[in-house]
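Structure record follows, encoded as structure tokens.
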Amino acid sequence: MATVRLDVVSIGRVGDTNIYRVDLGQSGFSSVSAITLRDDNVLSGGSGSASGLDLDYVRVLNTATADPAQVAGTAGEPVFDFGPGGVVFQAGFQTPVGPNDPPEWNTNLLGTAGANVYDPSKATLGIADQNELCLGEGGQVTFLFNTGLSTSGRYFYFADSGGADLGSVLVSDQATVAPRSFTLEGTAGKDTIRIGVGQNEHLKFTDTTVYGRRGDDKIFGSFGNDALLGESGKDYVSGGAGRDIVNGGLHNDRLSGGADSDAFVFDSKLGTSKTDRKVNFDKITDFDVRLDSFWLDNKIFKKLGSGTLSDPGDLNREFFVTGSKARERDDYLIYNRKTGVLSYDSDGSGSKAAVEFAQLSKGLKLTYNDFSVI
């Protein structure tokens with residue numbers, strides 16, 4: 001199966017609704033079996049039931065019009081099956097309703113029923129009537145064409161009644177199914193992102209990647225194998241169940257892996273021996289030597305050898321020591337069992353002082369096997 005992302009052109013507005021055009025011919029396919037419309041993955045726009053891109057209607061026309069009113073007033077070609085067999089919907093994240101938001105938004109996504117299941121009686125996607133399908137942040141909807149849709153001289157149009165969440169359009173030469181993975185990006189402010197609970201229970205078993213971006217964020221995973229990145233800010237990141245990748249990023253963060261085997265990633269710039277606890281010093285609340293591991297980026301920990309995120313390398317046993325300081329020139333990683341502090345010493349027992357980068361529990365039976373190099 002081949003999938004191609006297409007360019008999207010804004011052609012204007014009808015009232016508060018933005019109309020976009022996509023030339024299907026740019027795909028290079030003679031016909032397509034699926035068109036997918038994705039939200040932009042960023043926490044923006046409305047909240048609750050109005051989260052994500054607000055899809056009012058879609059059209060396929062055989063003309064490249066730049067008149068939004070023409071698109072709104074034209075039925076388009078009868079190529080869509082808006083029933084459950086012709087639409088694959090993956091609901092995205094519902095941003096918690098704020099104190100100034102309409103209280104009626106505190107329910108499932110518009111155009112859905114129950115646990116955010118697409119409902120064609122509520123989302124009338126063939127009619128310009130603002131009975132929209134809200135995708136949720138990072139959500140997507142795919143339209144299937146069982147006999148194939150010719151791309152020659154055809155244009156796909158869609159209407160976003162919100163206007164703040166323009167995402168992307170992809171086409172495939174084979175039918176697609178809802179993905180198990182999901183990606184979400186936070187904002188520059190203080191975000192709280194809880195996956196798999198409340199109105200986001202539908203994401204409980206999804207493999208979720210979350211980027212906190214800036215701000216002091218709180219990020220909670222669920223039962224999937226999640227990758228949770230706090231990035232900049234003083235963040236709290238908790239993996240929950242599943243085999244998670246937990247990465248606080250820059251600054252002082254509080255990290256928790258939760259159940260199952262988790263990897264704690266350190267790939268952000270460290271401070272010096274004098275500034276370490278102010279620049280990048282994370283507290284790990286539940287490191288389990290039986291299950292968990294540290295993944296250390298060799299761009300930061302330059303003496304530890306080779307490895308990548310997709311293929312982590314083993315740490316040389318000579319590079320790890322327990323105690324209060326390095327005893328040999330290749331003692332680069334030091335775990336102090338009395339204090340629980342984990343340090344990196346770039347010259348081992350040389351004259352440079354070690355840099356502290358993590359606070360663990362005291363008395364852990366930590367060994368070189370608990371570390372990998374990326």
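The values are calculated or read from the model by the stated rules, or taken from the named source; none is laboratory data. On a predicted model such as this, the values are computed, not experimentally measured, just so you know. Because the Cβ atoms are built from the backbone with ideal geometry, glycine has one as well, and the counts that use them run over all protein chains shown. Heads up: the accessible areas ignore ligands, DNA and RNA and are worked out on the full protein's heavy atoms, side chains in. Shrake-Rupley method; radii C 1.70, N 1.55, O 1.52, S 1.80 Å.
Only residues that are in a loop (DSSP other than H, G, I, E, B), touching a Leu at 6+ places or on another chain (Cβ under 9 Å) and open to solvent by 30 Å² or more (accessible area, probe 1.4 Å): list them for region 313-331, please.
If the condition is that a residue be in a loop (DSSP other than H, G, I, E, B), touching a Leu at 6+ places or on another chain (Cβ under 9 Å) and open to solvent by 30 Å² or more (accessible area, probe 1.4 Å), then N316 is the only one that fits.
Does V237 meet the test of being assigned to a strand (DSSP E or B) and more than 17 Å from D286 (Cα to Cα)?
no
How many residues does region 268-290 contain that are touching a Gly at 6+ places or on another chain (Cβ under 8 Å) and not β-branched (V, I, T)?
Qualifying residue count, region 268-290: 9.
Residues that are within 21 Å of I127 (Cβ to Cβ), touching an Asp or Glu at 6+ places or on another chain (Cβ under 7 Å) and in contact (Cβ under 8 Å) with a residue 12 or more places away in the chain, at least 2 per element: which strands (runs of 3 or more DSSP E) completely within region 1-53 meet that?
Correct list: 17-23.
Of the residues G138, G114, which is without any contact (Cβ under 8 Å) to a residue 60 or more places away in the chain and of a type outside the set (S, T, Y)?
G114 is the lone residue from the list that is without any contact (Cβ under 8 Å) to a residue 60 or more places away in the chain and of a type outside the set (S, T, Y).
Give region 261-303 a look and list any residue that's among the small types (G, A, S), closer than 16 Å to I334 by Cα and assigned to a strand (DSSP E or B), or say none.
S293
Does G258 satisfy being open to solvent by less than 20 Å² (accessible area, probe 1.4 Å) and part of a loop (DSSP other than H, G, I, E, B)?
The answer is no for G258.
Would you be able to tell me the number of residues in region 19-43 that are closer than 15 Å to S168 by Cα and either modelled with pLDDT under 95 or not polar (S, T, N, Q) (or both)?
14
Would you call S306 touching a Lys or Arg at 6+ places or on another chain (Cβ under 7 Å), open to solvent by 20 Å² or more (accessible area, probe 1.4 Å) and either assigned to a loop (DSSP other than H, G, I, E, B) or over 29 Å from G224 (Cβ atoms) (or both)?
no
Here is a yes/no grid of residues against (1) farther than 18 Å from S10 by Cβ; (2) modelled with pLDDT of 95 or more:
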residue	(1), (2)
A69	no, yes
D101	yes, no
G114	yes, no
D129	yes, no
S150	yes, yes
G153	yes, yes
F158	no, yes
S168	no, no
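Given A128, A175, A159, A123, which one is of a type outside the set (V, I, T) and surrounded by fewer than 18 Cβ atoms within 10 Å (Cβ to Cβ)?
A175
Identify all residues within region 198-226 that are open to solvent by 20 Å² or more (accessible area, probe 1.4 Å), assigned to a strand (DSSP E or B) and within 19 Å of A263 (Cβ to Cβ); write none if there are none.
D207, T209, Y211, F220
Results for (1) open to solvent by 20 Å² or more (accessible area, probe 1.4 Å); (2) among the acidic types (D, E); (3) more than 30 Å from K218 (Cα to Cα), shown as yes or no for each residue.
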| position | (1), (2), (3) |
| --- | --- |
| V8 | yes, no, yes |
| I11 | yes, no, yes |
| Q26 | yes, no, yes |
| I35 | no, no, yes |
| N41 | yes, no, no |
| S44 | yes, no, no |
| D56 | no, yes, yes |
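Check L133, L125, L110 and return the single one that is closer than 22 Å to I19 by Cβ, hydrophobic (A, V, I, L, M, F, W, C) and touching a Ser or Thr at 6+ places or on another chain (Cβ under 6 Å).
Going through L133, L125, L110 in turn, just one is closer than 22 Å to I19 by Cβ, hydrophobic (A, V, I, L, M, F, W, C) and touching a Ser or Thr at 6+ places or on another chain (Cβ under 6 Å): L110.
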